[in-house]
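Remarks on the structure that follows.
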Amino acid sequence: MRASWIEAALIAGGAIIGWYATRRWRLSAEAAIAPRGPSRDYLAGLNYLVNEQPDRAVEAFLRAVAVDQDTVETQFALGALFRRRGEVDRAIRVHQNLIARDTLDPAFREQATYALAQDYQRAGLYDRAEKLLTELATGGTYRIAALKDLVGLYELERDWEKAIAIHRELARIGKPDHPSAVAHYYCELAEGARAAGDPAKARDYLRTARLEQRRFPRAALVRADVALDLHEPDDAVRLLSKVPVVSPQLAGEVLPRLVKALKAAGREDELAAIVAELGRDGRDVADALAYAAILTGTLEAPALLELARGFLAREPAIAELVGALLPEGTAPSDEQLRRLAAAIRRQAQRAARFRCAECGFSSSGFFWQCPGCKHWDSLKPLSPTDLAGQVAGARPR
Ligand SMILES: [Zn+2]
(Lines give C-alpha, C1' and ligand atoms only; values in the text may rest on other atoms or scores of the structure.)
Protein backbone atom coordinates (compact mmCIF):
# COMPACT_ATOMS: atom_id res chain seq x y z
CA MET A 1 0.00 0.00 0.00
CA ARG A 2 2.77 2.41 1.00
CA ALA A 3 4.65 1.63 -2.23
CA SER A 4 1.58 2.60 -4.30
CA TRP A 5 1.40 5.99 -2.68
CA ILE A 6 5.11 6.60 -3.12
CA GLU A 7 4.47 5.70 -6.77
CA ALA A 8 1.55 8.14 -6.84
CA ALA A 9 3.68 10.87 -5.30
CA LEU A 10 6.37 10.22 -7.91
CA ILE A 11 3.84 10.49 -10.74
CA ALA A 12 2.43 13.68 -9.31
CA GLY A 13 5.92 15.08 -8.65
CA GLY A 14 6.99 14.21 -12.19
CA ALA A 15 3.88 15.86 -13.55
CA ILE A 16 4.66 19.06 -11.65
CA ILE A 17 8.24 19.13 -12.92
CA GLY A 18 6.92 18.56 -16.45
CA TRP A 19 4.34 21.28 -15.88
CA TYR A 20 7.06 23.74 -14.79
CA ALA A 21 9.31 22.82 -17.72
CA THR A 22 6.51 23.36 -20.25
CA ARG A 23 5.44 26.56 -18.55
CA ARG A 24 8.96 27.96 -18.42
CA TRP A 25 9.57 27.15 -22.06
CA ARG A 26 6.31 28.79 -23.03
CA LEU A 27 7.05 31.81 -20.89
CA SER A 28 10.46 32.38 -22.48
CA ALA A 29 9.10 31.72 -25.99
CA GLU A 30 6.17 34.05 -25.61
CA ALA A 31 7.96 36.49 -23.29
CA ALA A 32 4.82 36.30 -21.23
CA ILE A 33 4.13 38.28 -18.13
CA ALA A 34 4.09 36.96 -14.57
CA PRO A 35 4.86 33.21 -14.04
CA ARG A 36 2.13 31.04 -12.53
CA GLY A 37 2.76 28.01 -10.27
CA PRO A 38 0.72 24.83 -10.10
CA SER A 39 -2.81 25.37 -8.80
CA ARG A 40 -3.47 25.33 -5.09
CA ASP A 41 -5.59 22.19 -5.46
CA TYR A 42 -2.74 20.48 -7.23
CA LEU A 43 -0.26 21.20 -4.45
CA ALA A 44 -2.85 20.24 -1.85
CA GLY A 45 -3.39 16.92 -3.64
CA LEU A 46 0.34 16.22 -3.61
CA ASN A 47 0.48 17.10 0.08
CA TYR A 48 -2.38 14.69 0.86
CA LEU A 49 -0.62 11.95 -1.12
CA VAL A 50 2.63 12.40 0.77
CA ASN A 51 0.69 12.33 4.05
CA GLU A 52 -1.14 9.16 2.96
CA GLN A 53 -4.60 10.67 2.85
CA PRO A 54 -5.63 9.14 -0.48
CA ASP A 55 -9.32 10.14 -0.46
CA ARG A 56 -8.63 13.82 0.15
CA ALA A 57 -5.78 13.68 -2.39
CA VAL A 58 -8.11 12.27 -5.06
CA GLU A 59 -10.70 14.99 -4.53
CA ALA A 60 -8.05 17.71 -4.68
CA PHE A 61 -6.54 16.28 -7.85
CA LEU A 62 -9.91 15.93 -9.56
CA ARG A 63 -10.70 19.57 -8.75
CA ALA A 64 -7.30 20.69 -10.00
CA VAL A 65 -7.08 18.68 -13.20
CA ALA A 66 -10.64 19.51 -14.14
CA VAL A 67 -9.64 23.07 -14.94
CA ASP A 68 -6.17 22.78 -16.43
CA GLN A 69 -5.61 21.49 -19.98
CA ASP A 70 -1.87 21.07 -19.29
CA THR A 71 -2.51 18.27 -16.84
CA VAL A 72 -4.18 15.79 -19.23
CA GLU A 73 -1.16 13.48 -19.04
CA THR A 74 -1.33 13.58 -15.25
CA GLN A 75 -4.98 12.59 -15.42
CA PHE A 76 -4.05 9.55 -17.49
CA ALA A 77 -1.33 8.60 -15.01
CA LEU A 78 -3.71 9.00 -12.08
CA GLY A 79 -6.52 7.13 -13.84
CA ALA A 80 -4.20 4.21 -14.57
CA LEU A 81 -2.99 4.26 -10.98
CA PHE A 82 -6.54 4.17 -9.59
CA ARG A 83 -7.40 1.23 -11.84
CA ARG A 84 -4.27 -0.67 -10.79
CA ARG A 85 -5.17 -0.09 -7.16
CA GLY A 86 -8.66 -1.43 -7.81
CA GLU A 87 -10.28 2.00 -7.28
CA VAL A 88 -12.19 1.65 -10.51
CA ASP A 89 -14.90 4.20 -9.67
CA ARG A 90 -12.25 6.91 -9.41
CA ALA A 91 -10.55 5.78 -12.63
CA ILE A 92 -13.92 5.94 -14.40
CA ARG A 93 -14.55 9.46 -13.06
CA VAL A 94 -11.13 10.65 -14.25
CA HIS A 95 -11.55 9.24 -17.76
CA GLN A 96 -15.19 10.30 -18.17
CA ASN A 97 -14.15 13.76 -17.05
CA LEU A 98 -11.54 13.84 -19.84
CA ILE A 99 -13.90 12.60 -22.56
CA ALA A 100 -16.52 15.18 -21.54
CA ARG A 101 -14.23 18.04 -22.60
CA ASP A 102 -15.15 19.51 -25.99
CA THR A 103 -11.66 20.90 -26.54
CA LEU A 104 -9.81 17.62 -25.97
CA ASP A 105 -7.35 16.64 -28.71
CA PRO A 106 -8.74 13.68 -30.77
CA ALA A 107 -5.68 11.52 -29.96
CA PHE A 108 -6.25 12.09 -26.24
CA ARG A 109 -9.96 11.38 -26.68
CA GLU A 110 -9.11 8.00 -28.24
CA GLN A 111 -6.67 7.26 -25.41
CA ALA A 112 -9.27 8.22 -22.79
CA THR A 113 -11.92 6.07 -24.50
CA TYR A 114 -9.63 3.04 -24.44
CA ALA A 115 -8.72 3.73 -20.81
CA LEU A 116 -12.42 3.98 -19.91
CA ALA A 117 -13.11 0.68 -21.73
CA GLN A 118 -10.41 -0.93 -19.56
CA ASP A 119 -12.00 0.58 -16.44
CA TYR A 120 -15.38 -0.90 -17.42
CA GLN A 121 -13.81 -4.32 -17.99
CA ARG A 122 -12.11 -4.16 -14.61
CA ALA A 123 -15.43 -3.14 -13.01
CA GLY A 124 -17.28 -6.02 -14.74
CA LEU A 125 -19.42 -3.59 -16.78
CA TYR A 126 -18.94 -5.68 -19.91
CA ASP A 127 -21.74 -4.28 -22.07
CA ARG A 128 -20.36 -0.75 -21.68
CA ALA A 129 -16.82 -1.96 -22.38
CA GLU A 130 -18.01 -3.84 -25.47
CA LYS A 131 -19.66 -0.71 -26.87
CA LEU A 132 -16.50 1.42 -26.52
CA LEU A 133 -14.18 -1.33 -27.79
CA THR A 134 -16.37 -1.99 -30.84
CA GLU A 135 -16.07 1.72 -31.67
CA LEU A 136 -12.27 1.67 -31.24
CA ALA A 137 -11.93 -1.56 -33.26
CA THR A 138 -13.11 0.16 -36.47
CA GLY A 139 -9.73 1.89 -36.87
CA GLY A 140 -7.11 4.15 -35.32
CA THR A 141 -4.30 3.70 -32.84
CA TYR A 142 -6.16 1.36 -30.49
CA ARG A 143 -7.64 -0.94 -33.14
CA ILE A 144 -5.53 -4.04 -32.42
CA ALA A 145 -5.64 -3.50 -28.65
CA ALA A 146 -9.44 -3.12 -28.81
CA LEU A 147 -9.82 -6.28 -30.95
CA LYS A 148 -7.68 -8.25 -28.49
CA ASP A 149 -9.75 -6.95 -25.57
CA LEU A 150 -12.95 -7.87 -27.41
CA VAL A 151 -11.69 -11.42 -27.93
CA GLY A 152 -11.01 -11.63 -24.17
CA LEU A 153 -14.45 -10.22 -23.42
CA TYR A 154 -16.29 -12.71 -25.65
CA GLU A 155 -14.22 -15.59 -24.24
CA LEU A 156 -15.26 -14.51 -20.77
CA GLU A 157 -18.91 -14.36 -21.82
CA ARG A 158 -18.50 -17.66 -23.68
CA ASP A 159 -19.89 -16.01 -26.81
CA TRP A 160 -17.83 -18.22 -29.12
CA GLU A 161 -19.44 -17.10 -32.41
CA LYS A 162 -18.48 -13.48 -31.73
CA ALA A 163 -15.03 -14.52 -30.49
CA ILE A 164 -14.49 -16.36 -33.81
CA ALA A 165 -15.50 -13.29 -35.85
CA ILE A 166 -13.19 -10.94 -33.94
CA HIS A 167 -10.32 -13.42 -33.97
CA ARG A 168 -10.61 -13.73 -37.75
CA GLU A 169 -10.48 -9.94 -38.10
CA LEU A 170 -7.42 -9.88 -35.87
CA ALA A 171 -5.78 -12.57 -38.01
CA ARG A 172 -6.38 -10.45 -41.12
CA ILE A 173 -4.55 -7.38 -39.79
CA GLY A 174 -1.91 -8.91 -37.54
CA LYS A 175 -0.67 -11.98 -35.82
CA PRO A 176 -3.12 -13.14 -33.13
CA ASP A 177 -1.65 -14.08 -29.74
CA HIS A 178 -3.14 -17.58 -29.81
CA PRO A 179 -3.27 -19.18 -33.28
CA SER A 180 -5.14 -22.25 -31.99
CA ALA A 181 -7.89 -20.17 -30.30
CA VAL A 182 -10.43 -20.46 -33.16
CA ALA A 183 -10.14 -24.27 -33.15
CA HIS A 184 -10.79 -24.19 -29.39
CA TYR A 185 -13.85 -21.95 -29.93
CA TYR A 186 -15.28 -24.54 -32.35
CA CYS A 187 -14.60 -27.27 -29.79
CA GLU A 188 -16.46 -25.20 -27.19
CA LEU A 189 -19.39 -24.89 -29.60
CA ALA A 190 -19.22 -28.65 -30.26
CA GLU A 191 -19.28 -29.40 -26.52
CA GLY A 192 -22.29 -27.09 -26.19
CA ALA A 193 -24.12 -28.89 -29.03
CA ARG A 194 -23.23 -32.26 -27.48
CA ALA A 195 -24.58 -31.17 -24.11
CA ALA A 196 -27.76 -29.98 -25.85
CA GLY A 197 -28.20 -33.45 -27.39
CA ASP A 198 -27.30 -32.50 -30.98
CA PRO A 199 -24.40 -34.80 -32.00
CA ALA A 200 -24.77 -33.97 -35.72
CA LYS A 201 -24.20 -30.29 -35.05
CA ALA A 202 -21.34 -31.14 -32.68
CA ARG A 203 -19.67 -33.09 -35.48
CA ASP A 204 -20.11 -30.15 -37.88
CA TYR A 205 -18.30 -27.87 -35.45
CA LEU A 206 -15.56 -30.45 -34.91
CA ARG A 207 -15.02 -30.75 -38.68
CA THR A 208 -14.51 -26.98 -38.82
CA ALA A 209 -12.15 -27.13 -35.84
CA ARG A 210 -10.00 -29.63 -37.73
CA LEU A 211 -9.97 -27.39 -40.80
CA GLU A 212 -8.72 -24.57 -38.58
CA GLN A 213 -6.00 -26.63 -36.92
CA ARG A 214 -4.68 -29.93 -38.21
CA ARG A 215 -3.81 -32.64 -35.65
CA PHE A 216 -5.83 -30.83 -33.00
CA PRO A 217 -6.01 -33.16 -29.98
CA ARG A 218 -8.98 -31.48 -28.29
CA ALA A 219 -11.13 -32.07 -31.39
CA ALA A 220 -10.17 -35.77 -31.31
CA LEU A 221 -11.19 -36.00 -27.63
CA VAL A 222 -14.59 -34.39 -28.24
CA ARG A 223 -15.13 -36.56 -31.33
CA ALA A 224 -14.41 -39.59 -29.16
CA ASP A 225 -16.96 -38.35 -26.59
CA VAL A 226 -19.58 -37.94 -29.34
CA ALA A 227 -18.75 -41.43 -30.68
CA LEU A 228 -19.24 -42.87 -27.18
CA ASP A 229 -22.59 -41.05 -26.90
CA LEU A 230 -23.67 -42.62 -30.20
CA HIS A 231 -22.54 -46.13 -29.12
CA GLU A 232 -19.68 -46.21 -31.60
CA PRO A 233 -16.91 -47.22 -29.17
CA ASP A 234 -14.57 -48.60 -31.86
CA ASP A 235 -14.41 -45.13 -33.41
CA ALA A 236 -13.67 -43.65 -29.99
CA VAL A 237 -10.81 -46.14 -29.43
CA ARG A 238 -9.31 -45.27 -32.82
CA LEU A 239 -9.50 -41.51 -32.14
CA LEU A 240 -8.18 -41.72 -28.58
CA SER A 241 -5.24 -43.95 -29.46
CA LYS A 242 -3.71 -41.16 -31.54
CA VAL A 243 -3.86 -38.36 -28.98
CA PRO A 244 -1.02 -39.23 -26.54
CA VAL A 245 1.51 -39.34 -29.37
CA VAL A 246 0.58 -35.81 -30.49
CA SER A 247 0.15 -34.44 -26.95
CA PRO A 248 1.63 -36.64 -24.19
CA GLN A 249 0.51 -34.10 -21.57
CA LEU A 250 -3.12 -35.02 -22.37
CA ALA A 251 -2.62 -38.66 -21.34
CA GLY A 252 -4.65 -37.95 -18.19
CA GLU A 253 -7.60 -36.90 -20.37
CA VAL A 254 -7.20 -39.85 -22.73
CA LEU A 255 -6.72 -42.83 -20.44
CA PRO A 256 -10.10 -42.83 -18.59
CA ARG A 257 -11.93 -42.35 -21.90
CA LEU A 258 -9.90 -45.13 -23.52
CA VAL A 259 -10.71 -47.53 -20.68
CA LYS A 260 -14.40 -46.61 -20.99
CA ALA A 261 -14.43 -47.03 -24.80
CA LEU A 262 -12.66 -50.40 -24.66
CA LYS A 263 -15.14 -51.60 -22.05
CA ALA A 264 -18.09 -50.42 -24.19
CA ALA A 265 -16.62 -52.29 -27.18
CA GLY A 266 -15.96 -55.43 -25.11
CA ARG A 267 -12.25 -55.09 -25.87
CA GLU A 268 -10.84 -54.53 -22.35
CA ASP A 269 -8.08 -57.05 -22.95
CA GLU A 270 -6.62 -54.82 -25.68
CA LEU A 271 -5.67 -52.04 -23.25
CA ALA A 272 -2.25 -53.51 -22.51
CA ALA A 273 -1.39 -53.88 -26.21
CA ILE A 274 -2.54 -50.34 -27.07
CA VAL A 275 -0.61 -48.84 -24.17
CA ALA A 276 2.50 -50.86 -24.98
CA GLU A 277 2.28 -49.73 -28.60
CA LEU A 278 1.91 -46.09 -27.55
CA GLY A 279 4.76 -46.43 -25.04
CA ARG A 280 7.08 -47.50 -27.86
CA ASP A 281 6.62 -44.04 -29.40
CA GLY A 282 9.02 -42.47 -26.92
CA ARG A 283 9.74 -42.04 -23.25
CA ASP A 284 7.59 -38.87 -23.05
CA VAL A 285 4.51 -40.80 -24.15
CA ALA A 286 5.30 -43.80 -21.92
CA ASP A 287 5.89 -41.60 -18.87
CA ALA A 288 2.77 -39.53 -19.50
CA LEU A 289 0.65 -42.69 -19.76
CA ALA A 290 2.25 -44.18 -16.64
CA TYR A 291 1.56 -41.05 -14.65
CA ALA A 292 -2.01 -40.86 -15.97
CA ALA A 293 -2.50 -44.49 -14.92
CA ILE A 294 -1.20 -43.70 -11.43
CA LEU A 295 -3.46 -40.67 -11.04
CA THR A 296 -6.56 -42.38 -12.40
CA GLY A 297 -5.93 -45.66 -10.58
CA THR A 298 -5.80 -47.66 -13.83
CA LEU A 299 -3.07 -50.10 -12.85
CA GLU A 300 -4.81 -53.46 -13.29
CA ALA A 301 -3.24 -54.08 -16.69
CA PRO A 302 0.31 -55.48 -16.26
CA ALA A 303 1.55 -53.28 -19.12
CA LEU A 304 0.48 -50.14 -17.24
CA LEU A 305 1.96 -51.39 -13.99
CA GLU A 306 5.30 -51.96 -15.71
CA LEU A 307 5.20 -48.48 -17.26
CA ALA A 308 4.48 -47.05 -13.79
CA ARG A 309 7.40 -48.99 -12.29
CA GLY A 310 9.87 -47.54 -14.80
CA PHE A 311 8.40 -44.06 -14.49
CA LEU A 312 8.55 -43.93 -10.67
CA ALA A 313 12.10 -45.28 -10.65
CA ARG A 314 13.10 -42.23 -12.73
CA GLU A 315 11.31 -39.70 -10.47
CA PRO A 316 14.09 -38.45 -8.15
CA ALA A 317 12.03 -37.79 -4.98
CA ILE A 318 10.03 -41.04 -5.26
CA ALA A 319 13.06 -43.20 -6.12
CA GLU A 320 14.90 -41.81 -3.10
CA LEU A 321 12.01 -42.60 -0.74
CA VAL A 322 11.60 -46.13 -2.12
CA GLY A 323 15.38 -46.69 -1.89
CA ALA A 324 15.38 -45.60 1.75
CA LEU A 325 12.57 -47.99 2.70
CA LEU A 326 13.55 -51.16 0.82
CA PRO A 327 16.62 -53.35 1.36
CA GLU A 328 19.40 -52.38 -1.03
CA GLY A 329 19.15 -53.88 -4.49
CA THR A 330 15.45 -54.83 -4.24
CA ALA A 331 12.67 -53.42 -6.39
CA PRO A 332 9.16 -52.81 -5.03
CA SER A 333 6.73 -55.73 -5.46
CA ASP A 334 3.55 -55.27 -7.54
CA GLU A 335 1.58 -54.81 -4.35
CA GLN A 336 4.03 -52.22 -2.96
CA LEU A 337 3.94 -50.41 -6.30
CA ARG A 338 0.13 -50.26 -6.25
CA ARG A 339 0.17 -48.89 -2.70
CA LEU A 340 2.79 -46.32 -3.64
CA ALA A 341 0.67 -45.27 -6.62
CA ALA A 342 -2.42 -44.99 -4.41
CA ALA A 343 -0.50 -42.75 -1.98
CA ILE A 344 0.63 -40.49 -4.84
CA ARG A 345 -2.96 -40.39 -6.12
CA ARG A 346 -4.27 -39.30 -2.71
CA GLN A 347 -1.54 -36.68 -2.48
CA ALA A 348 -2.47 -35.39 -5.93
CA GLN A 349 -6.12 -35.07 -4.89
CA ARG A 350 -5.11 -32.76 -2.04
CA ALA A 351 -2.72 -30.57 -4.07
CA ALA A 352 -2.71 -28.67 -7.34
CA ARG A 353 -2.09 -31.12 -10.18
CA PHE A 354 -1.59 -28.71 -13.08
CA ARG A 355 0.48 -25.61 -13.58
CA CYS A 356 0.40 -23.01 -16.35
CA ALA A 357 3.68 -22.84 -18.26
CA GLU A 358 3.01 -19.17 -19.05
CA CYS A 359 2.00 -17.60 -15.72
CA GLY A 360 2.51 -20.28 -13.04
CA PHE A 361 -1.22 -20.50 -12.17
CA SER A 362 -1.88 -23.88 -10.56
CA SER A 363 -5.12 -25.81 -10.22
CA SER A 364 -6.45 -29.18 -9.21
CA GLY A 365 -8.55 -29.53 -12.37
CA PHE A 366 -7.59 -29.38 -16.03
CA PHE A 367 -8.45 -26.35 -18.19
CA TRP A 368 -7.88 -25.86 -21.90
CA GLN A 369 -7.54 -22.13 -21.26
CA CYS A 370 -5.56 -20.91 -18.25
CA PRO A 371 -7.95 -19.07 -15.89
CA GLY A 372 -5.02 -16.88 -14.81
CA CYS A 373 -3.46 -15.57 -18.03
CA LYS A 374 -6.04 -16.79 -20.62
CA HIS A 375 -3.43 -18.69 -22.66
CA TRP A 376 -4.72 -21.76 -24.49
CA ASP A 377 -3.04 -25.17 -24.01
CA SER A 378 -0.62 -23.87 -21.36
CA LEU A 379 -1.66 -26.06 -18.39
CA LYS A 380 0.74 -28.96 -17.86
CA PRO A 381 0.52 -31.79 -15.28
CA LEU A 382 2.91 -31.52 -12.34
CA SER A 383 5.32 -34.42 -11.85
CA PRO A 384 5.12 -36.59 -8.69
CA THR A 385 8.33 -34.87 -7.49
CA ASP A 386 6.63 -31.46 -7.89
CA LEU A 387 3.59 -32.81 -6.04
CA ALA A 388 5.76 -34.13 -3.19
CA GLY A 389 7.44 -30.71 -2.92
CA GLN A 390 4.06 -29.00 -2.88
CA VAL A 391 2.69 -31.17 -0.09
CA ALA A 392 5.94 -30.90 1.92
CA GLY A 393 5.86 -27.11 1.51
CA ALA A 394 2.18 -26.75 2.46
CA ARG A 395 1.47 -25.31 5.87
CA PRO A 396 -0.57 -27.55 8.20
CA ARG A 397 -4.15 -26.35 8.62
ZN1 LIG B 1 -1.52 -18.92 -17.21
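The values are calculated or read from the model by the stated rules, or taken from the named source; none is laboratory data. These numbers come from a predicted model, not from an experiment. Because the Cβ atoms are built from the backbone with ideal geometry, glycine has one as well, and the counts that use them run over all protein chains shown.
Find the residue count for the range 118-134, including only residues that are touching a residue at least 12 places away in the same chain (Cβ under 8 Å) and either under 22 Å from residue 89 (Cβ atoms) or buried (at least 16 other Cβ atoms within 10 Å of the Cβ) (or both). Quick ask: steps written out before the conclusion?
In the first step, residues of the range 118-134 are kept if they are touching a residue at least 12 places away in the same chain (Cβ under 8 Å); the result is 118-123, 126, 129-130, 132-134.
From what is left, the residues that are either under 22 Å from residue 89 (Cβ atoms) or buried (at least 16 other Cβ atoms within 10 Å of the Cβ) (or both) are 118-123, 126, 129-130, 132-133.
Qualifying residue count for the region: 11.
What residue, of 371, 327, is within 16 Å of the ligand (Cβ to nearest atom) and free of Cβ contacts under 8 Å to residues at least 12 places away in the same chain? Working first, answer last.
Numbers: 327 fails: within 16 Å of the ligand (Cβ to nearest atom).
After ruling out the rest, the residue left standing is 371.
Hey, among the residues in the range 330-356 that are loosely packed, with under 14 Cβ neighbours inside 10 Å and part of a loop (DSSP other than H, G, I, E, B), which one's farthest from the ligand (Cβ to nearest atom)?
Ranking the candidates gives 330 first.
Take the range 165-181 and flag every residue that is closer than 29 Å to residue 227 by Cα and buried (at least 20 other Cβ atoms within 10 Å of the Cβ).
The one that is closer than 29 Å to residue 227 by Cα and buried (at least 20 other Cβ atoms within 10 Å of the Cβ): 181.
Does residue 292 satisfy being touching a Gly at 6+ places or on another chain (Cβ under 7 Å), surrounded by 13 or more Cβ atoms within 10 Å (Cβ to Cβ), in the same structural domain as residue 255 (by TED's automatic domain parsing) and within 27 Å of residue 184 (Cβ to Cβ)?
Taking the combined requirement at face value, the residue satisfies it.
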